Amino acid sequence: MLEKNRKKLQKVLDTLSDAASELEDILASEDIYRDTLASDASGDDEYNAAELVCDSLDEAVDGVNEAINLIEEVLDGD
């Protein structure tokens, strides 16, 4: 692999790692929010919306982590 591309990929990897960390922090905060709604029986719609947000964020974290793993494989394999 060209050194300039290796450096670019490393920069992308660093950015994705930061994004994954931020997403995990947001997800943790939304999990707490959702859990507080679970104790309030009158907020079913709000709880369902919060559950959808948490599920979507979880998928986003998984996707970013998958991209990180694939890029690491490229960098390690070269």
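Here, each number is a calculation from the coordinates, and none is a lab measurement. This structure is a prediction, so every number in the text was calculated from the model and none was measured. Cβ atoms come from the backbone with ideal geometry, glycine included; neighbour counts cover every protein chain shown.
Kirkwood Rh, the chain, all Cα pairs: how many Å?
14.3
Rounded to the nearest 20 Debye, what is the dipole magnitude of the chain about its Cα centre when Lys and Arg each give +1 and Asp and Glu each give -1 at the C-beta?
740
Along the charge dipole of the chain, which of Val64, Leu9, Ser39 sits closest to the positive end, that is, farthest toward it, with unit charges on the beta carbon of Lys, Arg, Asp and Glu (+1, +1, -1, -1)?
Leu9
State the extension gain, in nm to one decimal, for the chain segment bounded by Asn48 and Ile32, taking 0.36 nm per residue of separation less the distance between their alpha-carbons.
4.4 nm
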